[in-house]
1. Quick one: Cα centre-to-centre distance for the stretch 20-66 and the stretch 111-178, in angstrom?
2. Using the count of nearby Cβ atoms within 10 Å as a rough guide to exposure, how do THR63, THR75 rank from fewest to most?
3. Which of the peptides 8-14, 129-135 is most tightly packed, and how do the rest follow, judged by the mean count of other Cβ atoms within 10 Å per residue?
4. Could you give each residue of the stretch 17-30 its phi-based ³J(HN,Hα) in whole Hz, using Karplus coefficients 6.51, -1.76, 1.60 with θ = phi - 60°, and x for Gly or Pro?
5. Which of THR33, THR157, THR149 comes first, and how do the rest follow, when ranked by fewest Cβ neighbours within 10 Å?
6. Counting only other residues whose beta carbon sits under 13 Å from that of HIS59, what net charge do I get with K and R as +1, D and E as -1?
7. Under a Cβ-Cβ cut-off of 12 Å, what is the net charge of the residues other than ILE166 that fall near it, where Lys and Arg count +1 and Asp and Glu count -1?
8. On alpha carbon coordinates alone, what is the Rg over Rh value for the stretch 15-63, Rh being the Kirkwood radius?
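Values in this text are rule-based calculations from the coordinates and carry no lab data. None of the values given here were measured: they were computed from a predicted structure. With ideal geometry, Cβ positions are generated from the backbone for all residues, glycine too; neighbour counts draw on all protein chains shown.
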Amino acid sequence: MIEHDLVTQLKAGCESAFRIIYHKYWSLVFNFTRLYISSPSEAEEVVQEVFVKFWEARHILDTDKPLKGFLFIITRNLIFNKFRRNFNEVNYKMTVLKGVSQSYEIEDDIEVNDLKLFIDKLIEELPIRQKEVFKLSREKNLTHHEISTLLSISEKTIERHITEAIKFIKKRMTQHYL
C-alpha cells in the first residue's frame with residue numbers, strides 16, 4: 001500500500017493503517033533510539049511512547065510528507081525530554097547530597113572512606129574482563145554501546161559482566177556487614 005493512502009486512512013482513524021505503519025517503522029525508530037539510549041528496555045519504552053504520540057497526532061499529518069521524518073522528530077523530542085528529566089533529577093539528587101554531606105561529621109567521613117576502600121578492594125577481586133567492563137561503566141561512565149565498541153564484545157556480554165559484578169559486590173558487602 002502506498003504511504004500516501006496509509007496516511008489518509010490513518011488520519012481517518014483506521015487502526016489497521018496504524019498497525020501497518022507501526023510494523024514498517026518500529027525497527028527504524030528502535031535503532032535510532034538505541035543510538036542515544038543504551039538500555040534495550042528503556043529504548044523500547046521510548047519507541048512505544050513515540051507510536052502513542054504518533055497516533056495522538058495523526059490528524060496533523062501531511063499526506064505529502066514522509067512519515068519517517070515525522071516519526072524521527074517525535075523520537076528526537078522524546079529522547080531530549082528524557083535526557084532533560086534525567087539531568088534535572090540528577091541535579092536535584094546532587095543538591096540534596098551536598099546538603100546532607102555538609103552535615104557529616106569526621107566519623108562519617110571515615111566510615112564513607114572505609115566503605116569506598118572496601119568496595120574498591122572488592123572490584124579488584126573481580127575477574128579481569130568483568131573488572132574492566134565494570135570500571136568503564138561506573139568510573140568512566142561509558143554506555144554499554146561505547147564499552148561494546150571499545151572492547152569488541154556484545155552489549156549483552158557487557159550487561160552480563162556488570163550484573164555479575166554488582167551481584168558479587170552486594171553479596172560480599174552483605175557478608176561483611178553481617
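1. With the stretch 20-66 and the stretch 111-178 each reduced to a Cα centre, they are spaced 33 Å.
2. Neighbour counts put them in this order, fewest first: THR63, THR75.
3. 129-135, 8-14
4. With coefficients 6.51, -1.76 and 1.60, one gets 5, 4, 4, 4, 5, 4, 5, 6, 10, 3, 5, 5, 5, 4 Hz.
5. THR149, THR157, THR33
6. So the surrounding residues net to +1.
7. The answer is +4.
8. Looking at the stretch 15-63, the ratio lands at 1.01.
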